[in-house]
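First up is the structure itself, then whatever we jot down about it.
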Amino acid sequence: YYHPSTVHASPFFRTVTILPENGGRVDEVFARNGQRVEAGQPLFSIQDSVQFAAVEIARGKVVEAEAAFSVARSQLDASDVMVSQAEGSLNLSRTELKRIEDLERINPDVVPRAERERLQNRVDTLEGALDAARSNREAVRARVETVLPSRLASAREELERAEAELGKTVVYAGVTGELRQFLLQPGDYVNPILRPAGLLIPLAGHESGRQRVQAG
């Protein structure tokens, strides 16, 4: 009663399996079996040609989106100028038409009817041109303020994802410990399910459980 005992006891020993996040061929090995490694130290890398290509493509999309921003801003400045020019031409034509209309009220025979119709047609044409210039400016502004920011944000997110995938090609030590069964060579295939790279034995006693026994 005062000295319980059991025949079911086993050492509580912890190991950390070294696994890549994605499967692939080993490119470089930075450590050796039996070596002590620190947490965060690189252990090996997987061939990264596909991930590197994806990063380069994503960077190109970011550059393209940023260049489109510059072009669109220039187009917006140009559309502002076109609107100003159209407003100026319309104001001049309206002023000239009003002068003709004032003369007609004083003496209807002073101004030929054809001249008045010509000025009226010109005012109508310039009003249409001004509406078109304003519509074009709004379309360009919407592109600058809505479409292109969304495209740039999407390109940057794609670049971040590609860089994250590229970062997964290097496997780091999760804890400070000693490498065991770590016999990798360049060209070996590792897989997170079927082919681990080895074991990492934590050096800290409370992490490895070397001094503990589980009994029951």
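Looking only at the stretch 167-196, residues that are over 15 Å from Phe30 (Cα atoms), within 32 Å of the chain's Cα centre (by Cα) and open to solvent by 90 Å² or more (accessible area, probe 1.4 Å) come to 2 in all. All told, Ala53 falls short of being loosely packed, with under 14 Cβ neighbours inside 10 Å, within 30 Å of Thr176 (Cβ to Cβ) and of a type in the set (A, V, I, L, M). Checking the stretch 175-195 against the condition returns no match, with no residue being in a loop (DSSP other than H, G, I, E, B), of a type in the set (Gly, Ala, Ser) and closer than 17 Å to Val16 by Cα.
Among the residues of the stretch 30-56, those that are within 14 Å of Ile201 (Cα to Cα), part of a loop (DSSP other than H, G, I, E, B) and of a type outside the set (D, E, K, R) comprise Asn33, Gly34, Gln35, Ala39. Among the residues of the stretch 107-116, the one identified as part of a helix (DSSP H, G or I) and open to solvent by 90 Å² or more (accessible area, probe 1.4 Å) is Arg113.
In the set (1) open to solvent by 60 Å² or more (accessible area, probe 1.4 Å); (2) more than 17 Å from Glu165 (Cα to Cα), Gln41 fails one condition alone, (1). You will find that of Ala31, Ala53, Ala65, the residue that is among the hydrophobic types (A, V, I, L, M, F, W, C) and in contact with a Phe, Trp or Tyr (Cβ under 9 Å, 6 or more places away or on another chain) is Ala31 and no other.
Considering each residue of the stretch 69-103, count those that are small (Gly, Ala, Ser), farther than 18 Å from Glu127 by Cα and surrounded by 12 or more Cβ atoms within 10 Å (Cβ to Cβ), and give that number. The number of residues fulfilling the criteria is 2. Summed over the stretch 118-170, the residues that are within 28 Å of Phe44 (Cα to Cα), of a type in the set (A, V, I, L, M, F, W, C), touching a residue at least 24 places away in the same chain (Cβ under 8 Å) and in a helix (DSSP H, G or I) give a count of 3. Reported count of residues in the stretch 11-29, each being open to solvent by 70 Å² or more (accessible area, probe 1.4 Å), outside any strand (DSSP E or B) and under 14 Å from Gln47 (Cα atoms), is 1.
Rundown of residues vs (1) among the charged types (D, E, K, R); (2) open to solvent by 50 Å² or more (accessible area, probe 1.4 Å); (3) touching a strand residue (DSSP E or B) at 6+ places or on another chain (Cβ under 8 Å); (4) at pLDDT 90 or above, yes/no style:
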| residue | (1), (2), (3), (4) |
| --- | --- |
| Arg105 | yes, yes, no, no |
| Arg122 | yes, yes, no, no |
| Arg137 | yes, yes, no, no |
| Thr146 | no, yes, no, no |
| Glu158 | yes, yes, no, yes |
| Ile201 | no, no, yes, no |
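The values are calculated or read from the model by the stated rules, or taken from the named source; none is laboratory data. The structure presented is a predicted model; accordingly, all values stated were derived computationally and were not measured. So basically every Cβ, Gly included, is an ideal-geometry build from the backbone, and we count neighbours across all protein chains shown. Keep in mind that these areas ignore ligands, DNA and RNA; they rest on the heavy atoms of the full protein, side chains included. Shrake-Rupley method; radii C 1.70, N 1.55, O 1.52, S 1.80 Å.
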